[in-house]
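Just below is one structure, and these are the notes that go with it.
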Amino acid sequence: MSEWNEPVQDEPKSKSEIRLEKLIKANQLVKDLWLSIHELKLALAGSDFIYAAQLWRELTDEEREVLNIAPTKGGIFTIEENKLMASDEFRDAVRQYFEENK
């Protein structure tokens with residue numbers, strides 16, 4: 001088989017290309033979920049962890065994973081919002097919401 005008939009192999013993607021694709025996917029998701037994300041940001045700002053937990057749990061696992069990009073890498077949530085979502089109060093609210101809505 002000549003080199004012209006061989007299937008073309010895609011070159012492996014660089015780390016930069018992978019990060020860019022992840023960011024593009026996250027930005028599209030932000031666009032699609034903007035109302036929920038905005039409400040979540042407002043709930044976090046007001047320390048309404050029960051409502052924030054409800055909004056967070058309404059997202060799919062995949063959506064939460066895609067949105068989990070550091071703010072320094074272009075993520076939608078600020079460092080402070082990430083700290084709040086990692087707090088015991090927020091995690092307790094998520095567990096409570098999950099238990100109540102099994």
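We did not get these values from a lab; they are worked out from the coordinates using the rules stated. None of these values were measured; they are calculated from a predicted model. Here Cβ is always computed from backbone atoms with ideal geometry, including for glycine, and neighbour counts include all displayed protein chains.
A Förster radius of 30 Å, combined with the Cβ-Cβ distance separating Ser47 from Glu11, puts the computed FRET efficiency at roughly 0.05.
Simple spin-label estimate for Glu21 and Lys102 gives 3.9 nm between the two label positions (7 Å along the Cα-to-Cβ direction from each Cα).
Electrostatic bookkeeping for Leu84 treats Lys and Arg as +1 and Asp and Glu as -1; over the other residues with beta carbon under 14 Å from its beta carbon, the sum is -3.
Local charge sum around Glu21 (other residues, Cβ-Cβ under 12 Å, Lys/Arg +1, Asp/Glu -1)? Numbers along the way, then the final one.
Details: positive: Lys13, Lys15, Arg19, Lys22, Lys25; negative: Glu17.
Around Glu21, the charge tally is +4.
Taken over the chain, lysine pairs spaced eight or more positions apart, or on distinct chains, with alpha carbons under 27 Å apart number 23.
Identify which of the listed values of Cα Rg over 2.2 N^0.38 Å was calculated from the structure shown: (i) 1.47; (ii) 1.54; (iii) 1.16. For Cα Rg over 2.2 N^0.38 Å, the calculated option is (i).
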